[in-house]
Amino acid sequence: MMCRIASCVVADYWRKQYKLTNGLDCGSCGQKQRAKCKAGYLYSVCPKAVKIESLSKPITDSEGNVTEFGDTIADDKAIDVGAWLDARTFLLSCPNRLLQIAYKMRNGDNLTPTDSQYLWRFRKREQNKLLAM
């Protein structure tokens, strides 16, 4: 009895390990595919398996330069510093009321309490966006 339990525990361990490293297990395939893999012992070359690559794996590009695989992945949250610093891009995305407040501040005019509150809320909202990244 104990031998059977130990056998099941070991089999379960290897199923979990395979799923962890390959992203799936044979339970993800249909019955026909499982029978085909069993007949030809094709478990190591599973057609649905997702192979995991290391981000520190060295890759050689077409010019012969060696870089890490992780450096080649595009980042959607990366900031284009040139466009970010461009005032026109920023001004196009600003609300008109914020521009009016900026002109008042540049001219040295006093802000009304509602203008001050609007500016405070805008700064707070933008700060929360930056902290969420």
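Quick note: the coordinates plus some simple rules give every number you see, no bench work behind them. In this text, all values refer to a predicted model and were calculated from it rather than measured experimentally. Please note: Cβ atoms are built from the backbone with ideal geometry, for glycine as well, and neighbour counts cover all protein chains shown.
Among 112-122, 60-70, the peptide with the highest mean count of other Cβ atoms within 10 Å heads the list, and the full ranking is 112-122, 60-70.
A cut-off under 13 angstrom between Cβ atoms defines the neighbours of residue 122, and their net charge, with Lys, Arg +1 and Asp, Glu -1, is +4. Computed from point charges on the beta carbon alone (+1 for Lys and Arg, -1 for Asp and Glu), the dipole magnitude for region 81-132 about its Cα centre is near 140 Debye. Length gained on full extension, residue 80 to residue 124: 13.6 nm, using 0.36 nm per residue less the C-alpha separation. Sequence-ordered 3J(HN,Hα) estimates for region 7-18 from the Karplus curve with 6.51, -1.76 and 1.60 and θ = phi - 60° stand at 5, 5, 5, 5, 4, 5, 4, 5, 5, 5, 5, 5 Hz, glycine and proline given as x. Annotation: the residues 131, 85, sorted from fewest to most other C-beta atoms within 10 Å of their own C-beta, follow the order 131, 85.
Karplus-derived 3J(HN,Hα) values for region 59-65, using 6.51 cos²θ - 1.76 cosθ + 1.60 with θ = phi - 60°, are 10, 9, 8, 5, 8, x, 7 Hz; glycine and proline are entered as x.
Checking the a/c ratio against 1.5 first, then a/b against b/c, what shape does the Cα gyration tensor give for region 81-132? In terms of gyration-tensor shape, oblate.
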